[in-house]
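Each remark here refers to the structure printed beneath this line.
The values are calculated or read from the model by the stated rules, or taken from the named source; none is laboratory data. These numbers come from a predicted model, not from an experiment. All Cβ positions, even for glycine, are placed from backbone atoms using ideal geometry, and neighbour counts span all protein chains on display.
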Amino acid sequence: MEIHPISLRKVEEHASNIYEAVIVAGKRARQINDETRLEFNTLLNEMPQGPEDDFEDKENPDQLRVSLEYEKGPKPHLQAQSELLEGKIKYTLRNPEAV
């Protein structure tokens with residue numbers, strides 16, 4: 001995986017401070033991860049299963065293909081970071097006086 005540094009000034013344009021930006025991006029990354037996991041599990045459950053055999057674990061090529069596609073997909077934390085920097089994430093603080 002390549003490393004792409006980001007200017008903290010650019011991050012602070014979309015949040016009042018860097019810590020707030022990290023929290024917002026982290027929560028969005030969890031949402032993306034949950035959505036992706038649900039989609040992935042739905043696809044796997046819809047696939048036909050082979051005959052069950054307690055003695056051997058056989059690989060299902062369709063399941064393997066889908067798993068590899070999801071593994072190669074964009075990572076949730078990078079998606080959340082991009083959304084934050086592009087201004088796509090809108091958020092409000094629950095208790096603004098605490099900041």
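A few points about this structure:
- Among the candidates E2, E12, E35, the residue that is exposed (fewer than 13 other Cβ atoms within 10 Å of the Cβ), closer than 22 Å to S82 by Cα, among the acidic types (D, E) and at pLDDT below 90 is uniquely E2.
- Single residue of the stretch 16-26 satisfying the filter (at pLDDT 90 or above and among the small types (G, A, S)) that is farthest from the chain's Cα centre (by Cα): A21
- Residues of the stretch 76-91 satisfying the condition of being touching a residue at least 60 places away in the same chain (Cβ under 8 Å) and not polar (S, T, N, Q): L84, L85, G87, I89, Y91
- Residues in the stretch 64-99 that are among the polar types (S, T, N, Q) and assigned to a loop (DSSP other than H, G, I, E, B) were compared, and the one that is modelled with the highest pLDDT is T92.
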